[in-house]
Every structure is written in C-alpha cells, then in structure tokens.
Amino acid sequence: MLERVRECMARALKLDGAGTAGITADTTAADLPAWTSVAHLALVLELEQCFGVRFDNSEIAALGSVPAIIAKLQARLSS
C-alpha cells in the first residue's frame, strides 16, 4: 500500500523521482515543502480516485501523514 500512496503523492504534489523516493512510511506534511494546504486537497482527491474511496470532510484534516493515510485507507478498504 505504501507504494500506491507514494505514487498518488507524487502525482498530487508534483514530485520528481528524488522527491518521491524520499517518501517513507513515516513521512508527514512537515517533511515535504510541496505538501501545502492546496496540494493536500489535490492529494485527497488523488487518493480517492486511486483507491476508490471517499473521505468525509471531517477526515481530510487528519490525513497529514503517510501513517495516517495508510491507516485510514486500510480501515476503509477492510470494511
């Protein structure tokens, strides 16, 4: 799942290969200058499209790190 999230982040945040390679299972929005508030919304839309899920407005702000994204996706995909 990390690899798919990384691919979504690369597209949404417009990261190059080096930027994408730096995304780990512990990456947070603070670690990536490209992860702005506007880019965060693009990332949420990319994740929704890629994984076929929808996030509630109340969930969007909590998706500020790779661990949070993966945990939320795993919960959505297992239910």
Measure nothing but the geometry: give the 0 to 90° angle between the long axis through the Cα atoms of 37-51 and the longest principal axis through the Cα atoms of the chain, rounded to 10°.
60
How long is the gain from Thr28 to Arg54 if the chain were fully straight, where each residue apart is worth 0.36 nm and the alpha carbon distance is subtracted?
7.3 nm
With r as the distance between the Cβ atoms of Arg11 and Val38 and R0 = 22 Å, compute the FRET efficiency 1/(1 + (r/R0)^6) and round to 0.05.
0.90
Taking every alpha carbon pair in the chain and sorting the distances into 10 angstrom bins from 0 up to the bin holding the longest one, the percent per bin comes out as 19, 61, 19, 1
Rounded to the nearest 500, the 222 nm mean residue ellipticity computed for the chain from DSSP H runs (n ≥ 4, each -39500 (n - 2.57)) alone is -18000 deg cm²/dmol
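Each reported figure results from applying straightforward, stated rules to the coordinates on display, with no laboratory input. These numbers come from a predicted model, not from an experiment. Because the Cβ atoms are built from the backbone with ideal geometry, glycine has one as well, and the counts that use them run over all protein chains shown.
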